[in-house]
Every structure is written in structure tokens, then in C-alpha cells.
Amino acid sequence: MALVKAAGLVLAFPSDDLVLPSLWEAAIGDPEVTVFERDKRTGKRVLTREITHVWTLKNRLGEERRACVGKHVRGRLVLIAPGLVPALYALTDRAGRPDDFQELDELSPLERDLAEALLESGPQTGPELRLLVGALDAKPSKRALESLQRSFVVTQAGEQEQDAGWDAAVFDLVARRYGSRLRRLPAAEDARAELVAVVLRGGDEISAADAAAIFGFTQKEASAILDRLADEGRAVRRDDGETPLWLGSTTELAAQRSGG
């Protein structure tokens with residue numbers, strides 16, 4: 001989808017506390033998300049056509065590798081342009097190999113087992129992974145997979161139909177699915193600047209707090225990054241209010257919108 005390519009980082013659904021565009025608003029227009037409605041024939045509660053459309057679009061983009069999809073930013077479901085994956089991966093301080101998660105001391109035993117199962121068996125659905133690691137309870141596995149997405153170890157690769165119930169998400173290792181893009185990672189400092197520059201693509205003014213909220217930086221770190229972008233001519237700083245604000249420079253925004 002053109003939005004993901006142009007914006008770089010897109011929420012699946014709108015959020016009041018993250019200044020990022022959303023797939024929902026681009027596809028539906030209305031910022032209010034309606035998940036369920038009543039079927040006029042049966043009276044049962046069903047998914048709205050709008051939520052089904054956005055969910056299907058999200059899955060297709062992830063399956064086709066046109067976006068890296070998962071709960072990768074502050075635990076929110078996002079779509080990341082493939083070209084931006086190296087910048088996010090650089091912040092993990094890992095090498096970019098499918099097995100680099102093995103160096104992480106902070107993984108729980110279940111998280112490690114799930115990642116090892118993916119490494120050995122290839123992409124799997126959540127239920128398949130639970131069988132592989134012998135986890136009977138779905139809830140701990142779901143939490144572990146969400147944690148692995150937040151740490152950018154695991155990503156989503158579409159969904160697979162099940163014999164009963166909802167379709168199941170397919171999971172894969174980020175470094176295997178996007179391995180060709182991770183052979184040369186940017187320096188962490190440059191990666192942070194690239195990520196914050198992406199937020200400025202929306203054309204709206206942002207504060208250091210806005211940038212910090214998205215990427216988990218401190219406001220001091222975010223302010224320094226924004227000032228760096230201003231020094232490089234990639235942002236403009238405004239100090240005419242109580243809080244400094246930054247926006248993308250005219251040159252930078254024109255280049256982004258023309259695909260440059």
C-alpha cells in the first residue's frame with residue numbers, strides 16, 4: 001500500500017497518544033474504529049465490514065512482505081516499510097542473524113522456547129508453536145509472542161485458516177524474514193535520526209515528547225535527535241510557544257512525497 005511506503009511507519013488503528021498515521025484512517029476515513037455490529041438477519045454480533053477490510057489488508061501486506069507487521073512499536077500493531085526495518089533492528093543491538101536472539105539474557109524460558117521453535121521449524125501459527133513447545137495454555141504463549149514482537153525478535157507473516165474459530169496469525173523471525181535487509185545495519189545514532197525523521201513525514205508539528213512516546217526515548221534524547229535533523233536541514237525548529245516544536249523541512253517533505 002502506498003501509505004506504508006510513503007509514511008514508513010503506520011499504525012494499524014488510530015491512537016490518541018502516538019502521532020502516527022493509521023491504516024484504518026487511510027482505508028476507511030472515519031477515525032472512530034467500530035469492531036462489531038449486529039447482523040440484521042440473525043441478530044448476532046459480527047465483525048464490521050470495515051474492520052474485516054483493514055485486517056485483511058494488514059495481513060496481505062505482511063504476507064507479501066510489503067510491510068513488516070506486528071506489535072513492534074510500544075506494543076502497538078504497526079506496519080513498517082521494509083526499508084525502515086534495518087533502522088528499527090539497529091536499536092536492538094543485535095547482529096541481524098536469525099539466531100541472534102540466543103544472546104538475549106532477558107528472554108523468559110517460554111519466549112526462548114518459542115523463538116527456538118521458529119528457528120528450527122520455520123514460520124508457524126500460534127497453535128502450532130504451542131504444540132511444538134508443549135505449552136497447553138494459550139494465554140502465556142500469546143503474551144510471550146507479544147513480548148517477542150516488542151523486542152523485534154518475532155514478526156507476523158499473515159494468517160492461516162483453522163478448522164474451527166478465528167484464523168491464526170503466522171509468526172516468523174524478523175531476522176530471517178527480512179535477512180537480506182539486515183546484512184548492513186546503520187549505527188544506532190543514525191538509526192534513531194532516521195526513525196524520528198520518518199515521524200516528521202506526516203507534515204504536522206511534533207514535540208520531543210511525541211517522538212519519545214513512539215520510540216521509548218527520553219525527551220532529552222528525542223530533542224537532541226530533532227535538533228540534529230534541524231542542523232542537517234531535515235527539520236525546522238519553532239520556539240514561539242511554551243514547548244519547542246519541529247516539523248519536516250519543505251525540501252525534505254517534497255523529496256519524500258515525490259519518492260526521492
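The values are calculated or read from the model by the stated rules, or taken from the named source; none is laboratory data. Nothing here was measured: the structure is a model prediction, and the numbers come from that model. Cβ placement follows ideal geometry from the backbone for every residue including glycine, while neighbour counts extend to all protein chains displayed. What goes into the accessible areas is simple: the full protein's heavy atoms, side chains included, and nothing from ligands, DNA or RNA. Shrake-Rupley method; radii C 1.70, N 1.55, O 1.52, S 1.80 Å.
Below is a table of values for the structure above.
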{"item": "Cα-based convex hull, the chain, per residue volume (Å³, whole number)", "result": "149"}
{"item": "Gaussian network model of the chain, Cα within-10 Å springs - most flexible of R60, R112, R49", "result": "R49"}
{"item": "Quotient of Cα Rg and 2.2 N^0.38 Å for region 85-196, N being how many residues it contains", "result": "1.10"}
{"item": "Spatial extent of region 170-234: Rg and Dmax, with the Cα atoms as the point set, Å", "result": "14.0, 43"}
{"item": "Area accessible to solvent at D105, 1.4 Å probe radius, in Å²", "result": "140"}
{"item": "Relative contact order %, region 186-256, counting alpha carbon pairs below 8 Å whose residues are six or more apart", "result": "33"}
{"item": "Label-point gap, in nm, between L119 and D227 - each point 7 angstrom along Cα→Cβ", "result": "4.1"}
{"item": "Cα-based convex hull volume of region 1-120 per residue, rounded to whole Å³", "result": "160"}
{"item": "Stretch gain in nm, segment R74-T56, where the contour uses 0.36 nm per residue and the Cα spacing is subtracted", "result": "4.2 nm"}
{"item": "Fully extended contour minus Cα-Cα distance, from D93 to L131, at 0.36 nm per residue", "result": "10.6 nm"}
{"item": "Helix 109-121 axis, angle to the chain major axis (alpha carbon atoms, nearest 10°)", "result": "80"}
{"item": "Calculated FRET efficiency for the pair T218/E63, C-beta based, R₀ 45 Å, to 0.05", "result": "0.80"}
{"item": "Folded to 0 to 90 degrees: helix 219-231 orientation relative to the chain principal axis, Cα", "result": "60"}
{"item": "Fraction of the pair-distance distribution of region 4-74 above 20 Å, Cα-Cα pairs, percent", "result": "35"}
{"item": "With at most 15 other Cβ atoms within 10 Å, longest stretch of the chain clear of loop GluC sites (Glu not before Pro) (DSSP)", "result": "162-231"}
{"item": "Label-point gap, in nm, between K44 and D190 - each point 7 angstrom along Cα→Cβ", "result": "5.5"}
{"item": "Cubic angstrom per residue, convex hull over Cα atoms of region 143-260", "result": "168"}
{"item": "Reach of K71 by Cα under 17 Å, taken over lysines that are not fewer than 8 positions away in the same chain", "result": "K58, K139, K142"}
{"item": "Tilt relative to the chain, helix 49-63 - C-alpha long axis, 0 to 90 degrees, to 10", "result": "90"}
{"item": "1.4 Å probe accessible area per residue over region 111-205, in Å²", "result": "52"}
{"item": "Apportionment of accessible area to carbon and sulfur, the chain, percent (1.4 Å)", "result": "47"}
